[in-house]
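**Q** Structure in structure tokens, see below.
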Amino acid sequence: MALDQLIHAERLRADIAAYQRTPPTQDEVALASFGNTGGIGDDTDWEALYANDLS
């Protein structure tokens, strides 16, 4: 029960901290979208590889 209360309190603390943050500036948004992220994807069919694990 104490662990459940601790988890609840930590989630509440994290939620409050998230609401208090200021939104990112235009410079921060531009920096985050800088560069080519197209190379991080792959052509692997992960669903087909692990189809037996899902059943």
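**Q** Suppose we look only past 16 Å in the calculated P(r) of the chain. What percent of the Cα-Cα pairs does that tail hold?
**A** Values: 1084 of 1485 pairs.
Tail of P(r) above 16 Å: 73 percent of Cα pairs.
**Q** With a cap of 11 neighbouring Cβ atoms within 10 Å, and only residues DSSP puts in a loop, list the chymotrypsin sites (Phe, Trp or Tyr not before Pro) found in region 17-52.
**A** Working: sites: Y19, F34, W46, Y50; in loops: F34, Y50.
Those that pass, being in a loop and sparsely packed, are F34, Y50.
Throughout, read-outs are computed from the coordinates displayed, never taken from laboratory work. Since this is a predicted model, take the numbers as computed values, not measurements. In this analysis, Cβ positions are derived from the backbone assuming ideal geometry, glycine residues included, and neighbour counts consider all displayed protein chains.
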